[in-house]
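Everything on this sheet refers to the single structure shown next.
The values are calculated or read from the model by the stated rules, or taken from the named source; none is laboratory data. Please read these numbers as outputs of a predicted model, since none were measured by experiment. Glycine also receives a Cβ, built like all others from the backbone with ideal geometry; neighbour counts cover every protein chain displayed.
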């Protein structure tokens, strides 16, 4: 029984890869500068984009995602600073403050972000992939409050992981694979 599950999963994985193939083929065959530009929209580190572009071609989406993960794990502090400074890290807008409770939550979030930026010297970044719009504000507030107490090094690691997750979702969307594409690329409060 287990073998048939693996087989079904492998078949599903192959069909997903075929669905992403046209855009992945374009990424694989694009000139290096065009590929790097497309990849920079996934993560604002030039080194990250160059690493992924340099290792083309990728046989499938999973190989591209693995390369993205590996490049993310290799980000230096300077690479991370560059990615954090890039405006493309900004995600979707918050839902409007259409109620008193929502207005209070928005105000609390802005105050928490100001404290976060003073403490850590960079914007707060969190991946919100897969969350419905009505869940985002609560997740942001919880995330920023939880992470405000971190030591600098620990928070640097958390930020790098959130950027990796955001980049991963963006790579999925870059290849046009909607079956694996999260709804939200991430969020940054500026």
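A few points about this structure:
- Members of the stretch 111-137 that are over 24 Å from residue 43 (Cα atoms) and surrounded by fewer than 12 Cβ atoms within 10 Å (Cβ to Cβ): 111, 134
- Number of residues in the stretch 32-58 that are within 18 Å of residue 22 (Cβ to Cβ) and free of Cβ contacts under 8 Å to residues at least 24 places away in the same chain equals 2.
- Contacts under 7 angstrom Cβ, first residue in the stretch 99-113 being closer than 16 Å to residue 144 by Cβ, partner modelled with pLDDT of 85 or more and surrounded by fewer than 15 Cβ atoms within 10 Å (Cβ to Cβ), 6 or more apart: 112/145
- Restricting the stretch 117-132 to residues that are in contact (Cβ under 8 Å) with a residue 40 or more places away in the chain and over 19 Å from residue 168 (Cα atoms), the residue that is nearest to the chain's Cα centre (by Cα) is 123.
- Residue in the stretch 142-150 that is in contact with a strand residue (DSSP E or B) (Cβ under 7 Å, 6 or more places away or on another chain), at pLDDT 85 or above, assigned to a helix (DSSP H, G or I) and farther than 30 Å from residue 35 by Cβ present: yes
- Matching residues in the stretch 151-175 - criterion: being touching a residue at least 12 places away in the same chain (Cβ under 8 Å) and not in a helix (DSSP H, G or I): 175
- Positions within the stretch 106-128 being assigned to a loop (DSSP other than H, G, I, E, B) and under 16 Å from residue 141 (Cβ atoms), in sequence order: 123, 127, 128
- Output for the stretch 138-176, where each listed residue is over 24 Å from residue 40 (Cβ atoms) and out of contact with any helix residue (DSSP H, G or I) (no Cβ under 7 Å at 6 or more places or on another chain): 138, 139, 142, 143, 146, 149, 151, 153, 154
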